[in-house]
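Notes for the one structure printed next.
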Amino acid sequence: MNLSEYGYTGGYEKEKEGYLIGRVTEQQRNMYTVITNKGEMDAVLMGSFVHGAEIRADLPYVGDFVLLKYNDSGASRISELLPRRSKFSRSDSFGHSFAHIKANKEQIVAANFDYVFILTSLNRDFRVSRILRYLSQAKESGGEPVVILTKADLIDDCSKQINEVRSAAPDISVHAVSSHTGYGLEALNPYFQPGKTVVFLGMSGVGKSSLLNALANEELMLVNETRKVDESKGRHTTTHRQLFVLPTGAMVIDTPGMRELGLFDAEEGISAVFSEVEALFPNCRFSNCRHKGEPGCAVAAAIKEGGITQELWESYQKQQRGNQYMDNKTEYNREGAKKWRSMVKAERARSKATRAQGGKR
Ligand code: GDP
Ligand code: ZN
């Protein structure tokens with residue numbers, strides 16, 4: 001294989017004796033999976049590299065190209081982070097297991113992508129204002145933003161929504177698709193060229209996983225679950241890939257970090273988007289109603305009478321469960337989710353306090 005298939009456009013002069021250039025396909029704690037011209041391998045950070053890093057953004061993440069010292073009897077060691085041509089980051093208040101790495105600094109959540117797909121559903125959650133917010137994030141990333149309106153099968157005619165987006169953002173491409181029927185997917189082919197990398201940005205529930213699976217024409221999440229032999233213990237360990245290769249040779253980065261970006265945005269606007277749902281709660285017979293079939297539940301009544309759709313209710317619940325999606329995946333994610341939840345709490349308290357002062361976030 002050739003690393004250019006993985007989007008590498010730089011030179012190979014750094015590949016001196018014993019060194020290789022590779023792309024990070026997976027990161028869990030301080031363990032990396034890196035694809036190189038010699039195939040996929042485990043890697044850790046070289047001590048001198050760690051000491052030279054000051055902030056999290058100095059450390060490699062999924063999508064990054066790195067230089068590593070090849071080791072064929074154990075983990076190879078990453079000695080250098082190669083320049084990023086695009087990146088998504090968020091501010092990091094987690095701190096890091098390397099004590100000298102400062103918290104509250106930029107953390108990378110995806111790197112070296114060509115396109116940023118901004119996904120939003122064509123159901124009643126559709127808001128042009130949200131798309132514009134994502135657009136401003138995406139434009140700073142260095143990737144080319146593309147607006148994807150998902151679940152086109154839910155409405156008869158999406159030309160009104162497409163035109164709304166076009167007039168709000170005339171220079172951005174807009175596509176309506178349905179992962180369920182396949183509608184509109186062909187129009188995405190120009191983006192999924194060999195060696196190109198796409199990241200998905202969008203709230204939980206907009207259909208990111210479904211689109212990824214539809215594009216791959218198979219259950220990609222399962223297919224890409226690689227089994228690596230852990231040499232030291234002589235057994236197979238299951239890993240969860242964060243950079244997927246599609247049959248066309250294009251790649252999609254789907255990291256928990258990108259999903260958190262989406263969720264943060266959602267948290268910010270959650271009561272605006274879901275105010276219809278929350279307005280129902282005071283009307284439930286029981287004040288501690290969990291809206292799971294209790295008698296006199298106003299949510300159940302509204303769904304029955306068509307006041308809100310089952311789908312809106314489900315996406316509301318999904319949102320409330322936060323990144324349960326992440327919880328189910330790996331230890332790293334379970335730990336991350338815990339930190340994430342306390343972070344969201346702090347963020348909510350902060351924005352509430354700011355609002356109380358009449359200030360601006
Ligand atoms: P994610 O959280 O962004 O990864 O969203 P998922 O891919 O898990 O989809 C969330 C929900 O939307 C699921 O119930 C999907 O079946 C549904 N969904 C996804 N794509 C489509 C679509 O094209 N049409 C319809 N009607 N539903 C969809
Ligand atoms: Zn209720």
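The values are calculated or read from the model by the stated rules, or taken from the named source; none is laboratory data. Please read these numbers as outputs of a predicted model, since none were measured by experiment. Cβ coordinates were reconstructed from backbone atoms using ideal geometry, including for glycine residues, and neighbour counts include every protein chain displayed.
For region 283-305, enumerate the residues that are among the charged types (D, E, K, R), more than 14 Å from Q317 (Cα to Cα) and assigned to a loop (DSSP other than H, G, I, E, B). Passing the criteria: R285, E294.
Taking the criterion of being over 30 Å from T248 (Cβ atoms) and not assigned by TED's automatic domain parsing to the domain that holds F192, would at least one residue in region 1-12 satisfy it?
The answer is no, given that none of the residues of region 1-12 is over 30 Å from T248 (Cβ atoms) and not assigned by TED's automatic domain parsing to the domain that holds F192.
Looking across region 294-320, the residues that are more than 9 Å from ligand 2 (Cβ to nearest atom), among the small types (G, A, S) and surrounded by fewer than 18 Cβ atoms within 10 Å (Cβ to Cβ) come down to G306, G307.
Can you name the residue in region 1-22 that is in contact with a Leu (Cβ under 7 Å, 6 or more places away or on another chain) and of a type outside the set (A, V, I, L, M) and is also nearest to F244 (Cα to Cα) among such residues?
Taking the candidates together, the pick is G22.
Close contacts from region 297-313, counting a first residue that is on the phi > 0 side of the Ramachandran plot and a second that is of a type outside the set (G, A, S) and at pLDDT below 80, with Cβ to Cβ under 7 Å and a gap of 6+ residues or different chains, come to none at all. Checked against (1) farther than 26 Å from D64 by Cα; (2) touching a Leu at 6+ places or on another chain (Cβ under 7 Å), V116 passes all but a single condition, namely (1).
Only one of the listed residues (V174, V206) is in contact (Cβ under 8 Å) with a residue 40 or more places away in the chain, buried (at least 17 other Cβ atoms within 10 Å of the Cβ) and more than 16 Å from ligand 2 (Cβ to nearest atom). That residue is V206. Pairs needed: first member in region 243-265, farther than 13 Å from L119 by Cβ and of a type in the set (G, A, S); second member anywhere, modelled with pLDDT of 70 or more and in a helix (DSSP H, G or I); C-beta distance under 8 Å; at least 6 residues apart or different chains. If the second residue must be modelled with pLDDT of 70 or more and in a helix (DSSP H, G or I), the pairs left are G249/E5. In the set (1) part of a loop (DSSP other than H, G, I, E, B); (2) at pLDDT 95 or above, the condition left unmet by H175 is number (1). Restricting attention to region 17-28, the residues that are surrounded by fewer than 15 Cβ atoms within 10 Å (Cβ to Cβ) and either closer than 16 Å to F49 by Cβ or not assigned by TED's automatic domain parsing to the domain that holds G74 (or both) add up to 1.
Residues are listed down the side, and each one gets a yes or a no for (1) modelled with pLDDT of 90 or more; (2) within 16 Å of ligand 1 (Cβ to nearest atom); (3) basic (K, R):
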| position | (1), (2), (3) |
| --- | --- |
| L263 | no, yes, no |
| E268 | no, no, no |
| S271 | no, no, no |
| P282 | no, no, no |
| S287 | no, no, no |
| K292 | yes, no, yes |
| P295 | yes, no, no |
| A298 | yes, no, no |
| E305 | no, no, no |
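Residue check, T181 against (1) surrounded by fewer than 18 Cβ atoms within 10 Å (Cβ to Cβ); (2) more than 20 Å from the chain's Cα centre (by Cα); (3) closer than 16 Å to L201 by Cβ; (4) not acidic (D, E), all met but one. Which one? It is condition (3) that T181 fails.
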